[in-house]
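S.K.: Pasting a structure here, questions to come.
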Amino acid sequence: MNELLQFLKSIYPFSDELEQFLRKNLHVKVLKRNELLLKAGTVCKNVYFIKTGAFRSFYYNDEGQETNTWFMKEGDVILSVESFFRQKLSTESIISIEGSEVHFIDYDTLQLLYRNFLEFNVISRVLLEHYYILSEQRLYAVRLKTAREKYHWLMQNFPEMILRIPSKYLASYLGMSAETFSRVKLVSK
């Protein structure tokens, strides 16, 4: 938990009262590889901070195939955005790619944080800006014209993903077949 508190303090300093509130209300969950954190069709009730491990978010397309929408690793915050903030059923699932440990806080407690600790609003805004930019970057990547351009974008911006995330998931994330991804990866070495 100390890593998370230091991370939050690096964004914006906060009071001892807020730290005590977080220590009391943050929970820990340990997940095995391929364990669901959120299942599509349920409401995302928590926002998670990844202490260790990696996760992917995906949904099933009209043909019943998985489409990966994002990947997160240590130091990242994860949630199903629309499901969490609107407290409605999620269209996506979130699953661990590796054995992982997360800290989490539920929706109602987060709302209480916003109301009672104004400094937490600054922290939250900075985090939301960061993840909105990441979302825009992903949209840019999948709109690139060629598979090679998409792969080079991934290598330039998220080289660690190539080492940690199975190729079939990365291919789906970039909007290409696993075969095309493998071919482009081989040619780009």
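The values are calculated or read from the model by the stated rules, or taken from the named source; none is laboratory data. On a predicted model such as this, the values are computed, not experimentally measured, just so you know. With ideal geometry, Cβ positions are generated from the backbone for all residues, glycine too; neighbour counts draw on all protein chains shown. Keep in mind that these areas ignore ligands, DNA and RNA; they rest on the heavy atoms of the full protein, side chains included. Shrake-Rupley method; radii C 1.70, N 1.55, O 1.52, S 1.80 Å.
S.K.: May I ask you to verify whether R33 is more than 20 Å from I123 (Cβ to Cβ) and either within 18 Å of the chain's Cα centre (by Cα) or loosely packed, with under 14 Cβ neighbours inside 10 Å (or both)?
M.R.: For R33, the condition - more than 20 Å from I123 (Cβ to Cβ) and either within 18 Å of the chain's Cα centre (by Cα) or loosely packed, with under 14 Cβ neighbours inside 10 Å (or both) - is met.
S.K.: Please work out which residue is farthest from S124 (Cα to Cα), limiting yourself to region 50-80 and to residues that are free of Cβ contacts under 8 Å to residues at least 12 places away in the same chain and either of a type in the set (A, V, I, L, M, F, W, C) or open to solvent by less than 60 Å² (accessible area, probe 1.4 Å) (or both).
M.R.: Per the criteria, the residue is G64.
S.K.: To continue, here is another question. Name the residue that is surrounded by the fewest Cβ atoms within 10 Å (Cβ to Cβ), counting only residues in region 84-93 that are assigned to a loop (DSSP other than H, G, I, E, B) and of a type in the set (S, T, Y).
M.R.: Across region 84-93, the extreme among qualifying residues is T91.
S.K.: Also: Scan region 67-83 and give yes if some residue there is assigned to a loop (DSSP other than H, G, I, E, B), in contact with a Phe, Trp or Tyr (Cβ under 9 Å, 6 or more places away or on another chain), closer than 16 Å to I165 by Cα and modelled with pLDDT under 95, otherwise no.
M.R.: yes
S.K.: Does F104 meet the test of being in a helix (DSSP H, G or I) and aromatic (F, W, Y)?
M.R.: no
S.K.: Then there is this: Residue by residue through region 29-48, note down the ones that are outside any strand (DSSP E or B) and among the hydroxyl-bearing types (S, T, Y).
M.R.: T42
S.K.: Suppose we filter region 161-181 for residues that are in a helix (DSSP H, G or I) and open to solvent by less than 60 Å² (accessible area, probe 1.4 Å); how many remain?
M.R.: Qualifying residue count, region 161-181: 12.
S.K.: In addition: From the list Q137, Q156, Q111, exactly one residue is part of a helix (DSSP H, G or I), open to solvent by 30 Å² or more (accessible area, probe 1.4 Å) and within 23 Å of V187 (Cβ to Cβ). Which is it?
M.R.: Answer to the check: Q156.
S.K.: Please state which one of Q6, Q20 is modelled with pLDDT of 95 or more, open to solvent by 40 Å² or more (accessible area, probe 1.4 Å) and in a helix (DSSP H, G or I).
M.R.: Selected residue: Q20, the only one of Q6, Q20 that is modelled with pLDDT of 95 or more, open to solvent by 40 Å² or more (accessible area, probe 1.4 Å) and in a helix (DSSP H, G or I).
S.K.: Kindly indicate the residue of region 94-108 that is of a type outside the set (A, V, I, L, M) and out of contact with any Ser or Thr (no Cβ under 7 Å at 6 or more places or on another chain) and also most open to solvent (accessible area, probe 1.4 Å) among those meeting that condition.
M.R.: Applying the filter and picking the extreme gives D108.
Residue-by-condition table, conditions (1) without any contact (Cβ under 8 Å) to a residue 60 or more places away in the chain; (2) aromatic (F, W, Y):
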| position | (1), (2) |
| --- | --- |
| Q137 | yes, no |
| A141 | yes, no |
| K150 | yes, no |
| W153 | yes, yes |
| S172 | no, no |
| F181 | yes, yes |
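S.K.: Here's something else I'd like to know. For the structure I just gave you, tell me whether R125 is open to solvent by 50 Å² or more (accessible area, probe 1.4 Å), under 28 Å from L8 (Cβ atoms), modelled with pLDDT under 95 and touching an Asp or Glu at 6+ places or on another chain (Cβ under 8 Å).
M.R.: When the stated conditions are applied, R125 does not pass them.
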